[in-house]
Each structure stands twice: as C-alpha cells, then as structure tokens.
Amino acid sequence: MEIINTRFFRGVVVLLLFAFFGIGAMTIGFCLFPVICIFAPVDKRRKLCCDVIHNAWSFFSNTMQKTGTIRLKLNNPSEFEKIINNKGCGKIIVANHPSFIDIVLLIGLFPNTVCMAKKELKKNFFMRNIVKTLYLINDEDNDKLVKDAIGIMQEGFNIVIFPTGTRTTEDENLKLHKGAAFLALHSGCDIIPINISCSYKFLAKNQKVYDAGVEPVEYLLTVNETIKISDFIRRNSSLSDIQLRNRVNNEIKEKLTKVSV
C-alpha cells in the first residue's frame, strides 16, 4: 500500500508540474515574447528570448529536483562549464533522447542555446509561439534552414539537435538522421555529443506522464569528446560529400552511445 501511495503522490506531483509548465509556456509565448518583439531592438531579440527560456527552464528543472521528481547529475562538470563559458562561434550540441524533458534540461543548463524543433510543435498550443519566435523548424526549405542555422551559430548561439528525431526506447539501436552532420560540414562548427541516461524509464515514448515510479529519477549527463569538424575534414579529404557526411554521422552515433568520464 505504501508503494501504491508513493506512486500515486509522485504521479500527482508530475501532473501539477506540467500544468505549471504549460501555464509558464503560454505566458512566455503569448505575453513576454510579443513584448520583446515589439520593443526590443532587432539585434537584441534572440538574446533576450534565449535568456527568458534558459532561466525559465532552469527554474523548472530545479523545481523538479526540489520536489524529488528527478535528480540531475553531471558526469564531468568541468566539460559543461566549458560549454557554458564558450564565447565566439556557437556549437552543435547533439544528444540522445530518452525522455520528454531532455530539451528542458539542456536549455536550462546552457545559456545562449536554441534547438532544432519538430514541425509538429508548431501545432502545440502551449509551445507554438515559443517555437515560431525562437527555434529552427526542420520542415523549412533545407537551404534556408542551413543558412539560418549558420547565422545563429555565428552570433555565438549553440543549437541542440536530437539526431534520432524522436524519443528513443531502452536498448534501441539508434537510427540517426544526418541533419546534424550535414549542418556541421556546411558551417564548420564543431559537434558536442552529450549522452543522457535515466535510472529508470520516465516520460519516455508511449509512457503516461503520471507514471513517475516510486523514487526520484536520476538523469546522468555526460559530455563526450568534441567532434572537431575542421580536423575531421582534413583527415578524410579523399571522401565524397556523402561519404564524409556518413562518416560524421557514424562518429556521432558512436559517441552518443558511450558514457565516459
């Protein structure tokens, strides 16, 4: 009975947290972002919108930890500090995608970071204004998408991409789209692979939101070795564009499935 009560209580807490998240997303998307877009100088808008989302999602992540819903552990904190303190050209952050809140945790950790969003999010009532205002939509014209992404990184912003395109299931053989590799080769920006693992399944694909188990879910985040694109191109100069893209994609897959300190 105690286990049942604990599971029920945690389920209620998670539902309340996501109601809070939805209200916050609507407030930001329908109130704050329009004000920023009207009154802020054009060259300051992305930075201001990024700061709002970073701080809001950092607060939400901390709230989930304070309520005992999750624990967030960084396997190699110094590597995260390097990303946070990075100045100059932005990076492409790639990660595996075991749960619904992966992007919230990453954006909450890293300032000056946007993400590549699925086109379905434009139809999400709570998120659509945030997505349309700030993020890159992967159903846009490919040339325009690459041009916009390169421009964003040249301004110093990072871009988060989940190469699987959707949440992954436990022990699944990762099948990656090649957008991250394509963008890295065209932009010359380095790729930072981050492995995300959970102590048990939570907010996973085809799982109920309120199925929160009986104890805090530990999220372990590991920054793996950076894929330096300029070095990669130089070492593989004899390869065709398609072969090079495949080679980068394979490198991403290898690093996303590895947890190392």
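Take segment 191-223 and flag every residue that is closer than 30 Å to K178 by Cβ and aromatic (F, W, Y). Within segment 191-223, F202, Y219 meet the criteria. Sub-9 Å Cβ pairs linking a first residue in segment 15-28 that is closer than 10 Å to M127 by Cα to a second residue that is outside any helix (DSSP H, G or I) and of a type in the set (D, E, K, R), at least 6 apart or interchain, number zero.
In segment 18-38, of all residues being surrounded by 12 or more Cβ atoms within 10 Å (Cβ to Cβ) and among the small types (G, A, S), the one that is farthest from D211 (Cα to Cα) corresponds to G29. Taking segment 151-197 as the range and being in a loop (DSSP other than H, G, I, E, B) and closer than 14 Å to N138 by Cβ as the test, the residues that pass are F162, P163, T164, G165, T166, L176, H177, K178. Being among the basic types (K, R) and either free of Cβ contacts under 8 Å to residues at least 12 places away in the same chain or closer than 18 Å to F100 by Cβ (or both) is the filter here; which residues of segment 162-182 pass it? Scanning segment 162-182 gives R167, K175.
The listed residues are L256, L239, L221, and the only one of them that is touching a helix residue (DSSP H, G or I) at 6+ places or on another chain (Cβ under 9 Å), of a type outside the set (V, I, T) and touching a residue at least 60 places away in the same chain (Cβ under 8 Å) turns out to be L221.
The rows are residues; the columns are (1) hydrophobic (A, V, I, L, M, F, W, C); (2) over 12 Å from the mean Cα position of the chain (by Cα); (3) closer than 30 Å to F9 by Cβ.
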{"residue": "F59", "(1), (2), (3)": "yes, yes, yes"}
{"residue": "F80", "(1), (2), (3)": "yes, yes, no"}
{"residue": "G90", "(1), (2), (3)": "no, yes, no"}
{"residue": "F100", "(1), (2), (3)": "yes, no, yes"}
{"residue": "L105", "(1), (2), (3)": "yes, no, yes"}
{"residue": "A117", "(1), (2), (3)": "yes, no, no"}
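Taken across segment 198-218, residues that are outside any loop (DSSP other than H, G, I, E, B), out of contact with any His (no Cβ under 7 Å at 6 or more places or on another chain), surrounded by 15 or more Cβ atoms within 10 Å (Cβ to Cβ) and modelled with pLDDT under 95 do occur, with at least one present.
Filtered by the rule that a residue be buried (at least 17 other Cβ atoms within 10 Å of the Cβ) and either of a type in the set (A, V, I, L, M, F, W, C) or in contact with a His (Cβ under 9 Å, 6 or more places away or on another chain) (or both), segment 1-17 gives V14, L17.
Regarding segment 223-240, can at least one residue be identified that is under 30 Å from G11 (Cα atoms), polar (S, T, N, Q) and either within 25 Å of the chain's Cα centre (by Cα) or at pLDDT 90 or above (or both)? No. From the list F8, F60, F18, exactly one residue is part of a helix (DSSP H, G or I), aromatic (F, W, Y) and in contact with a helix residue (DSSP H, G or I) (Cβ under 8 Å, 6 or more places away or on another chain). Which is it? Matching residue, one of F8, F60, F18: F60. Within segment 33-53, residues that are closer than 20 Å to V104 by Cβ sit with their Cβ atoms under 8 Å from residues that are of a type in the set (S, T, Y), at 6+ positions apart or across chains, in these pairs: F33/T133; C49/T133; C50/T113. The residues of segment 146-168 that are polar (S, T, N, Q) and buried (at least 23 other Cβ atoms within 10 Å of the Cβ) amount to a single one, N158. Scanning segment 84-96 for residues that are surrounded by fewer than 20 Cβ atoms within 10 Å (Cβ to Cβ) and touching a residue at least 12 places away in the same chain (Cβ under 8 Å), we see that the one that is nearest to A56 (Cα to Cα) is I84.
The values are calculated or read from the model by the stated rules, or taken from the named source; none is laboratory data. Since the model is a prediction, treat every value here as computed from it, not as a measurement. Cβ atoms come from the backbone with ideal geometry, glycine included; neighbour counts cover every protein chain shown.
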